[in-house]
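Scroll down for the structure; my scribbles are underneath it.
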Amino acid sequence: MGKQSELIEASKKHLMNNYGPPIRAMVRGELARIWDADGKEYIDFFAGFGGGGITGHCHPRVTAALQKQAALLLSHGNFFTNPNQIELAQRVTSHAFGGKVFYCHSGAEANEAALKLTRLYAGEGRYKILSFHNCFHGRTMGGLSLTPENKQKGFEPMLPGNVKVPYGDLNAVRSAIDSETAGIFVEPIQGEGGVNIPTPEFMQGLRAICDEHDLVLTCDEVWTGPGRTGRWFGYQHFGMTPDVLTLAKAVGGGAPVAMCIGGPRVQDTLGPGTHGCTMGGNPLCTAAALEAIKIMEEDHLVERTAAKGEQLMNALRTANVPAIQAVRGKGFMIGIEIDRPAKDVMNAAMEAGLLICLAGTNIIRLAPPLVTPDADLDKGLEILLNVLRA
């Protein structure tokens, strides 16, 4: 039995099975490459569900920032602040719509903060939240309440007042709003739902509806921001601005960092005692995130992602591979609709040395780190096309 097999067997004894049995035990990473416990090397086109999305695995600058901060201060409790969390908030909000930041650790937590902010802003009697079919906003009870019913089984009842309507249907949105509605949650591009891209008219229409009814509009950009779509944030493709922006995954540079950003209209809604996160914004994690954002800025990774993502999608569209039915996406958030089970392709690609994931039964999802070298993009594409041809 190899080292990897031993680790997988040990995990079955000691770890809960909520993810299913692990398929690999990973031990080392470098930018867009990762190695398992038996020494097998993979090109990573999924970056740990996007968690390493900006700088990939163990970027030397991020690693150095973590090492330096680890020798200074790890945590201090949230009655205090630190220079990293202040500068990180300044830099991220400067690329969005200004506003103020609440720090936590995961996308689900950021969406919980946005839910509470929305209800508090709306006031007594307004508590209903609109979300969309095929969305995904997390697995906490609040986030799960916004997410489709097929993921809620066994956890009912959900939070009251959550209404789901078809993505892209403004008439359905208008029909669902009543005097008890507080806000709308929307992904600028649906990730789990199949890499579905709305029209500018739909996103602008949501903004107009929220303005008309004094509703809070939250853009869940846990997957799309920052930089993944070839803009700093996904909403910037559509000529509109939300009231609240939620970020996680990539923003931490590999560390667990999430942010709920309130724009000027709602930024002071969460007053003292209304919400919290003990370790949110701690010096160690924000050191990694701050360095990742600096790398994005200095290396012009947003612009590079837009260009390289378009090249990658064009190569997929023109590859003359019958299995490929459609290719859609923006930047390095790409969905490939295929004529066979996506899970089979994912497993075959992994055996061939490429990590990808799926979004539904027949959609492959690609999300390489923004720093993926050209050679790795080319090699990863070659592996994927060979698997699809086979």
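The values are calculated or read from the model by the stated rules, or taken from the named source; none is laboratory data. Quantities reported herein were computed from a predicted structural model and do not represent experimental measurements. Note that we place each Cβ from the backbone using ideal geometry, even for glycine, and neighbour counts take in every protein chain shown. Ligands, DNA and RNA are stripped out before the accessible areas are found, and what is left, the full protein with its side chains, is counted by its heavy atoms. Shrake-Rupley method; radii C 1.70, N 1.55, O 1.52, S 1.80 Å.
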Over the stretch 217-263, average the accessible area per residue using a 1.4 Å probe and give it in Å², no decimals.
16
With no solvent and one point per C-alpha, what does the Debye sum give as log10 I(q)/I(0) for the stretch 248-390 at q = 0.16 Å⁻¹?
-0.92
Using Cα-Cα distances under 8 Å and only pairs 6 or more residues apart, what relative contact order does the chain have, in percent?
23
Suppose every K and R has +1 on its Cβ and every D and E has -1 on its Cβ; what is the size of the dipole of the chain about the Cα centre, in Debye to the nearest 20?
400
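Calculate the all-directions average of the projected area of the stretch 286-341's alpha-carbon convex hull, and give it in nm². Working shown, then result.
Values: hull surface 20.3 nm².
Average of the hull's projected areas for the stretch 286-341 equals 5.1 nm².
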At a probe size of 1.4 Å, how large is the accessible area of residue 35, to the nearest 10 Å²?
40
Within the chain, excluding any GluC sites (Glu not before Pro) found in a DSSP loop (not H, G, I, E or B) and having at most 14 other Cβ atoms within 10 Å, the longest uninterrupted segment runs 181-390
In the chain, which Cys residues have no partner Cys with a Cβ closer than 4.7 Å?
58, 135, 210, 219, 260, 285, 357
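Counting Lys and Arg as +1 and Asp and Glu as -1, what is the net charge of the other residues whose Cβ lies under 11 Å from the Cβ of residue 68? Before the final figure, lay out each step's value.
Numbers: positive: 61; negative: 291.
Local net charge: 0.
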Along the principal axes of its C-alpha atoms, what lengths does the chain span, in descending order and rounded to whole Å?
59, 53, 44
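If N is the number of residues in the stretch 49-119, what value comes out of its Cα radius of gyration divided by 2.2 N^0.38 Å?
Values: Rg = 14.4 Å, N = 71, 2.2 N^0.38 = 11.1 Å.
Ratio of Rg to 2.2 N^0.38 Å for the stretch 49-119: 1.30.
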Which of the trypsin sites (Lys or Arg not before Pro) found in the stretch 13-79 are in a DSSP loop and have at most 14 neighbouring Cβ atoms, other than their own, within 10 Å?
40
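Which length gain, in nm to one decimal place, applies between residue 30 and residue 139 when the Cα-Cα distance is subtracted from 0.36 nm times their residue separation? Don't jump to the answer; show the numbers that get you there.
Numbers: separation 109, 0.36 × 109 = 39.24 nm, distance 2.97 nm.
Between residue 30 and residue 139, full extension yields 36.3 nm more.
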What does the net charge come to around residue 306 if you take all other residues with beta carbon closer than 11 Å to its beta carbon, with K and R at +1 and D and E at -1?
+3
Among 226, 166, 188, which one moves the most in a GNM of the chain with springs linking Cα atoms closer than 10 Å?
166
The stretch 91-178 - accessible surface per residue (Å², probe 1.4 Å)
46
When only C-alpha pairs under 8 Å and at least 6 residues apart count, what is the relative contact order of the stretch 1-53, in percent?
26
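Using a probe of 1.4 angstrom, how much of the accessible area of the chain is carbon and sulfur, in percent?
Details: 9140 of 16840 Å².
Of the solvent-accessible surface of the chain, carbon and sulfur hold 54 percent.
When ligands, DNA and RNA are left out and all protein chains stay put, how many square angstrom of accessible area per residue does the stretch 317-390 have with a 1.4 Å probe?
Numbers: 2980 Å² over 74 residues.
Computed with neighbouring chains in place, this is 40 Å² per residue.
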